[in-house]
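A short write-up of the structure that comes next.
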Amino acid sequence: MFSAYFDESGMHTGGSGGASRMAVVAGFVAKDEQWAKLSDEWKVVLGRKHIDCFDMNKFEGGYGPFAGMDDNDKGVLLDQLLSLIDVRATAGIAGGLLISDYNEIITDNVRRGVGEPYAVCGQLCLMRLRRWADKHDYQEAIPLFFEDGAHHKGQLLTAFDLIKKHPKLNRPYRVSSLTFLDKRKHPALQAADILAYATYRRGLVSFGGEAKKARWGEYALEKLLRKEHFGELATKDSLREFVEIMIARTEYKKRKGKP
C-alpha cells in the first residue's frame, strides 16, 4: 500500500523577513514498507552527527544542530539523505502559489469557502497525487500525513472531509485518511521538508523577485527532480479553475445539508 507525506514552506506572515511572497506544500508518495526502511536509515544517518531532526531551513542557514558544520560535512550529509529519498520514495508531489496571485484571484468573498494559502496548496497536492495515481492506474485508497503545527490546518481537514463525502470525488482522489504528525518523530516528513523548502526557494527566485538562490536548496532540488515529479506553480488561470471547483463543492455541501 502507498501513503504520502507532506510538509509546508513559506507560510510565515511576518518576522524579520517580512510576509512570505510564496506558499508551498510538498512531499512524496511511497510504499509503506519503503517508508519504514527510510525511517530506520534516516535515523542512522542523522545519529552519526548526533542530530535528532533534519530541518532544511536550519541546514541552509547553518544554525541549530548545523552550526559550525563545514561545507564538506554538509554536502556529505545532504547527499546521504537525498540518496535515501531517491531509493525509497516513488514520486515527488508539490503544490505552490504566489501570494500576490492568491490575493488577486481569491478575494474576500470567496476566501472563506476556498481557504488560506496553506489549505489551497494542500489541496493542489491532492490533485497532483491523483494525477500520479491515474498515470499508474493505482486504485487503492492512499493515507495522507501532513506535518503538524501549520496554521489553517483545520481548513485542509474540512476540504478533505468534503472530498471523502462527495460521491464524485471520493473514488477519483483515492484518499482514505488525513493525519497530522510531529515532524521531529517522522523522517518521512523531514524528507518532505527538503522538497518543500527547495521548491519554495527556487520559486522565490523564478517568480517572486528573489535575487539570491539557496545554495543547498537548489542543489537538493536538482537531484530530487530527477525522480518522477508532479508539481508546478499554480497560474492565475489554474487558481480560477480551483475556485470554481471549490464553489461547486460548497454548493454540493449546502444541498446535502438540507433536510
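The values are calculated or read from the model by the stated rules, or taken from the named source; none is laboratory data. It should be emphasised that the depicted structure is a prediction, and the values quoted were computed from it without experimental measurement. Backbone-built Cβ (ideal geometry, glycine too); neighbour counts: all protein chains shown.
In this structure, ASP52 does satisfy being surrounded by fewer than 20 Cβ atoms within 10 Å (Cβ to Cβ), among the acidic types (Asp, Glu), in contact (Cβ under 8 Å) with a residue 60 or more places away in the chain and farther than 16 Å from LEU224 by Cα. Residues of the stretch 121-143 that are in contact with a strand residue (DSSP E or B) (Cβ under 6 Å, 6 or more places away or on another chain), buried (at least 24 other Cβ atoms within 10 Å of the Cβ) and within 18 Å of LEU189 (Cβ to Cβ): CYS121, GLY122, CYS125, LEU129. Looking only at the stretch 77-100, which residues are hydroxyl-bearing (Ser, Thr, Tyr), part of a helix (DSSP H, G or I) and either under 23 Å from LEU204 (Cα atoms) or in contact (Cβ under 8 Å) with a residue 60 or more places away in the chain (or both)? Within the stretch 77-100, just SER100 meets the criteria.
Listed here are the residues, each with its yes/no results for (1) over 14 Å from the mean Cα position of the chain (by Cα); (2) at pLDDT 85 or above; (3) within 28 Å of ASP108 (Cβ to Cβ).
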{"residue": "LEU156", "(1), (2), (3)": "no, yes, yes"}
{"residue": "LEU181", "(1), (2), (3)": "no, yes, no"}
{"residue": "ALA198", "(1), (2), (3)": "no, yes, no"}
{"residue": "LYS213", "(1), (2), (3)": "yes, yes, no"}
{"residue": "GLU218", "(1), (2), (3)": "yes, yes, no"}
{"residue": "LEU233", "(1), (2), (3)": "no, yes, yes"}
{"residue": "GLU251", "(1), (2), (3)": "yes, no, yes"}
{"residue": "LYS258", "(1), (2), (3)": "yes, no, yes"}
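Quick one: would you say THR107 is in contact with a strand residue (DSSP E or B) (Cβ under 9 Å, 6 or more places away or on another chain) and either exposed (fewer than 15 other Cβ atoms within 10 Å of the Cβ) or at pLDDT below 85 (or both)?
Spelling it out, it is not the case that THR107 is in contact with a strand residue (DSSP E or B) (Cβ under 9 Å, 6 or more places away or on another chain) and either exposed (fewer than 15 other Cβ atoms within 10 Å of the Cβ) or at pLDDT below 85 (or both).
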